[in-house]
Amino acid sequence: AKWVYSFGDGKAEGQSSMRNLLGGKGANLAEMSNLGLPVPPGFTITTEVCTWYYDNGRQYPQELKSEVQAALDAVGALTGRGFGDPKNPLLVSVRSGARASMPGMMDTVLNLGLNDVTVEALAEGAGDPRFAYDSYRRFITMYSNVVLDVEHHAFEEALEHYKETKGFNLDTELGAEDWKHMIGLYKKIVRDEHGSDFPQGAEDQLWGAIGAVFNSWMIPRAKKYRELNNIPESWGTAVNVQAMVFGNMGDTSATGVAFTRNPSTGERALYGEFLINAQGEDVVAGIRTPQDITEKARIEAKSEKPSMERAMPESYAELVRIYGLLETHYRDMQDMEFTIESGKLWMLQTRNGKRTAKAALRIAVDLAAEGLITEEEAIGRVEPAALDQLLHPTIDPKAERKVIASGLPASPGAATGEIVFNSEDAEAARKAERKCILVRIETSPEDIHGMHASEGILTTRGGMTSHAAVVARGMGKPCVSGCGTIRVDYKAGTLTVAGTTLKAGDKITIDGSTGQVLLGEVKMLEPSLSGEFATLMSWADKVRTMKVRTNADTPTDARAARNFGAEGIGLCRTEHMFFEGDRIVAVREMILADDVEGRRSALAKILPYQRQDFVELFTIMSGLPVTIRLLDPPLHEFLPHTDAEVQDVAKSTGVSEEKLRRRMTELHEFNPMLGFRGCRLAIAFPEIAEMQARAIFEAAVQAAKETDAPVTAEIMVPLVFTQMEFDIVKARIDAMAKAVTEETGATLSYQVGTMIELPRAALRAGDIARTAEFFSFGTNDLTQTALGISRDDAATFLGAYTQKGILTADPFISIDQEGVGELVRIGVERGRAVRPDIKLGICGEHGGDPASIGFCQEVGLDYVSCSPYRVPIARLAAAQAAL
Ligand code: PEP
Ligand code: MG
């Protein structure tokens, strides 16, 4: 095998299509070299070396050493320097680079190759000893931290102490001699903490750094990141070794990051930050506040510091030229890192930039409008699940805002929660089902689990490209960063701002779209959707072949779903209506009744409520199909549970407490999910189904009259496992239809169908389809019954199952295609064989899960049905599935 791929001087052994082998960074460095862009020469050690390393007890393949040496020689030849050469040293950076980007998760070492001798040569060559010592002290701290495990703060404390004694405020005030002095101190710290001297040999340094990058693949934060982002461990990381270019060589040098479009809004404009006389880590770490790239951004931010456009016009022009080239080449928004060394611009990285859902939409639509991609490609550019971000609430503009501070609008959306100051507390709050805002001075990759557990993130330091901002945008969580007026005291567990002190547990609201921090809870507004959203959805609607309906039980749900483009109701769970308001009293009366007569009189009280519910649903859906399911859950759920409730119910129903308790005992079930539910209820107590059928038909007549739109009622029988159950219930429904037709003289258009949510029903779908006019796959129950895993109790052990790889995902979230999916397939085939025009849909939770929607397309369902907020997700996922 070939383990090392070189790049530089307008050519490369690799290219962008080789990202599996070279990692994202390595592949794109090669591609940029091939494009003739200014890239410092270097080489990539492949991800296969990483895999080999872990497969062989952390050893390297034998040929690696000589391949690295040859590649180093080539870099030396291109730069006119020698690695470890005391007179003319080649210095390099060593960076990780996995297939999928894992920002900040793994380690980087800069300025490698410096030692007590080469630092003097660097000083001489640059004519600037301060720059050389500054680079060397950076190298010692970084290398010691990453490779030798010496904690960063040991160095920081020594520096702070020195600055204090000298009366310095800023690092930039330290001169060559000061840094030289610090280097002495740093080397002593390394000796004390690490137990041996800082390595002087360039070769030793290099292999130490390469080993550290490979080792960092397995550190906890990297593992956690992979887990959250579904990145397989087997991918491994590549290592990129590249000739150093220096952004810290004085005022004609700089370093920065830029996006070709705004990653928050998608606006088409160069967007980013840079720092003069600095190295890359300074920008990311948020130690100094960076400057804007464009003059326009500077004016908008009201910044005093000059923009790159003004301060370095030639480098800016070069960056503009390159960004246009890269966008056209990659046909997507790029996230670039660059360094300017003494006026010359060098590209250190480019990749498809991470972006918010809002930006993803706008960029996809704009790129299509600009002709860079097709409409179909635009559809594929937006991740359906990410649309969730757009559907999140924002702060009501009319609400009173007690703004206590302002930071950067790092990730859009608003969130309220109690203050927590560390990730452990965030997780604890989440476990206790309390919403929290994670407040940190700055976040580091270790905070990833805490960010995940919180509703939003607030930091007091760091810019738009800081760790907190990048990660929050990726997660779709609101984030305000760099809120410098807030003082956080971790020890005391308080934050102080403008004379107010808040403690952990106090409520705050953050607005990630404006950067504001507000006191307490604030009224939120439902999201409104942008023009790009409508455009992309219209493109999606053109290509998708499955319909998208909604699961809605109330008029509010139904209206929200219509706004999101639902094409009907796929599931109305009528039992949810039974809990509304005071109708529960009549429901309880019905359950407690001793005989049919008693039940009928209670049902008569429920009928008008149900009818009115259905009239509203039919009206909102004006003409679109509405599937109403007969009552499903176990009756005991409607009964009281605590003593106080029992007394209450006894009073309101006029039944004695004693009788009530007896009835509760009678109705008690050991396994309610497999008990007296679904159509079993309609078979034992047909009057319940009759009342519901009457309510539906009368509502259909009324709604048709009032709205002038035809009503298509689909009545659905739950939990059947055999045709006979279905036929018995259907006969009651048909009889009721006939009765209502005779009473009203109206003609009714309706269908009767069934849920397929038991394995036996899927197997016997051929029989059931003889009389059932439609099937809706209830994959919640079908998953529960096929896997024998209770949908209510799975959480305790499912984690262990996904961790061990027994299940790749929670089967209640993403359909188990092999098992449950096979049952669906069988149901589809056998049902269609008997009734070719049978209407087939899905209404389990999987109807809103993009991967499951792909599966639904594959098996040929006519529609999916999902909760209202998932309708846009389903429309887009269905379009992607159809392409
Ligand atoms: C199902 O079982 O998938 C379904 C939609 O019904 P419910 O969730 O109400 O049991
Ligand atoms: Mg069900």
Amide H contacts of residue 570 (H built 1.01 Å from N, under 5 Å, at least 5 apart or other chain): 550, 551, 552, 627
Full-stretch length increase - residue 194, residue 722 - with 0.36 nm per residue and alpha-carbon distance subtracted: 182.8 nm
Modelled FRET efficiency - R0 30 Å, residue 267 with residue 229, Cβ distances, 0.05 increments: 0.70
In segment 801-883, the trypsin sites (Lys or Arg not before Pro) that fall in loop regions by DSSP, at most 14 other Cβ within 10 Å: 804
3J(HN,Hα) from dihedral phi, segment 308-321, Karplus parametrisation 6.51/-1.76/1.60, rounded to Hz, x for glycine, proline: 5, 3, 7, 6, 9, x, 6, 5, 4, 4, 5, 5, 5, 4
Contact order relative to length of the chain, as percent, for alpha carbon pairs under 8 angstrom and 6 or more apart: 8 percent
Binned Cα-Cα distances of segment 142-299, short to long, each 5 Å bin given as a whole percent: 2, 7, 11, 13, 17, 18, 14, 10, 6, 2, 0
Built amide H within the under 5 Å cut-off of residue 85, gap 5+: 90
Cα→Cβ-extended label distance, 7 Å offset, between residue 219 and residue 601, nm: 7.5 nm
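Return the loop-located GluC sites (Glu not before Pro) in segment 113-186 (DSSP other than H, G, I, E, B) with at most 14 other Cβ atoms within 10 Å of their own Cβ; answer none if there are none.
151
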Solution diffusion estimate, µm²/s, Stokes-Einstein, the chain, Kirkwood Rh from C-alpha pairs, 37 °C, viscosity 0.692 mPa s: 106 µm²/s
Sites residue 158 and residue 251, calculated FRET efficiency, Cβ-Cβ separation with R0 35 Å, nearest 0.05: 0.80
Stokes-Einstein D in µm²/s, Kirkwood radius over Cα pairs - segment 819-883 at 37 °C with 0.692 mPa s viscosity: 274 µm²/s
Whole-number percent relative contact order across segment 241-362, with pairs defined as alpha carbons under 8 Å at least 6 apart: 32 percent
Pairwise FRET efficiency - residue 151 versus residue 344, Cβ, R0 = 45 Å, nearest 0.05: 0.80
Dipole-positive endmost among 500, 701, 242 within the chain (Cβ charges, Cα centre): 701
Estimated vicinal HN-Hα couplings, Hz - segment 727-736 in sequence order (Karplus 6.51, -1.76, 1.60; Gly, Pro = x): 4, 4, 6, 4, 4, 5, 5, 4, 5, 5
Label point distance in nm, residue 796-residue 489, each placed 7 Å from Cα along Cα→Cβ: 4.5 nm
At 0.692 mPa s and 37 °C, Stokes D of segment 1-51 from Kirkwood alpha-carbon radius, µm² per second: 317 µm²/s
Burial ranking of peptide ranges 535-541, 62-68 (average Cβ count within 10 Å, highest at the top): 535-541, 62-68
Rounded, prolate or oblate (a/c below 1.5 giving rounded, otherwise prolate when a/b exceeds b/c) for segment 393-525 by Cα gyration tensor: rounded
Within straight-line cross-link reach of residue 651, aspartates and glutamates at Cα separation under 15 Å, skipping those fewer than 8 residues along the same chain: 582, 589, 643
Considering only segment 393-525, percent of DSSP beta bridges that pair antiparallel, nearest 5: 75 percent
Global geometry of segment 387-427, whether rounded, prolate or oblate, following the gyration tensor of its Cα atoms and the 1.5 cut on a/c: oblate
Antiparallel content of DSSP bridges confined to the chain, in %, to 5: 65 percent
Label-point separation, residue 622 to residue 525 (7 Å along Cα→Cβ), nm: 2.5 nm
Residues whose placed amide H lies under 5 Å from that of residue 462, excluding near-sequence neighbours: 482
Karplus-derived HN-Hα couplings along segment 52-61 (A = 6.51, B = -1.76, C = 1.60, θ = phi - 60°), whole Hz, x at Gly and Pro: 4, 4, 6, 6, 10, x, 6, 10, 9, x
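By how many nm would the segment from residue 444 to residue 59 lengthen if fully extended, with 0.36 nm per residue of separation less the alpha-carbon distance?
Full-extension gain reported as 135.6 nm.
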Segment 753-883: C-alpha gyration tensor shape, a/c 1.5 cut-off, then a/b vs b/c: oblate
Cα-centred dipole magnitude for segment 254-355, charges only on beta-carbon of K, R (+1) and D, E (-1), debye, nearest 20: 240 debye
Proxy reagent accessibility, fewest Cβ within 10 Å first, across 395, 838: 838, 395
All aspartates and glutamates inside 16 Å of residue 65 as judged from Cα atoms, apart from same-chain residues fewer than 8 positions distant: 48, 73, 203, 204
Ranked by how many other beta carbons lie within 10 Å on average, peptides 249-256, 556-563 from highest: 249-256, 556-563
In segment 393-525, lysine pairs with alpha-carbon atoms under 14 angstrom apart (chain gap of 8 or more, or interchain): 7
GluC sites (Glu not before Pro) lying in DSSP loop within segment 349-421, provided at most 15 other Cβ fall within 10 Å: 370, 400
Percent of C-alpha pairs per 10 Å bin, segment 681-740, short to long: 22, 50, 23, 6
Taking only Cα atoms of segment 525-673, radius of gyration then Dmax in Å: 20.2, 63
Size descriptor, Kirkwood hydrodynamic radius, that averages inverse alpha-carbon separations across segment 251-388, Å: 15.5 Å
Kirkwood Rh, angstrom, segment 332-418 [1 / mean 1/r, Cα pairs]: 16.3 Å
Under 19 Å from residue 547, Cα to Cα: lysines that are on another chain or at least 8 residues apart: 839
Residue-averaged 222 nm ellipticity for the chain, from DSSP H runs of 4+ at -39500 (n - 2.57), nearest 500: -14000 deg cm²/dmol
Normalised contact order of segment 393-525, rounded percent, pairs of Cα under 8 Å and 6 or more residues apart: 37 percent
Segment 621-635 and segment 473-552: distance between their alpha carbon centers, rounded to Å: 34 Å
About the Cα centre, charge dipole magnitude for the chain (Lys/Arg +1, Asp/Glu -1 at Cβ), debye: 860 debye
Given charges at Cβ of Lys, Arg, Asp, Glu: segment 254-355 dipole, positive-most of 330, 303, 272: 330
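Since every read-out is calculated from the coordinates, none of them should be taken as a lab result. In this text, all values refer to a predicted model and were calculated from it rather than measured experimentally. When we count neighbours, we look across all protein chains shown, and the Cβ atoms used for this are built from the backbone with ideal geometry, even at glycine.
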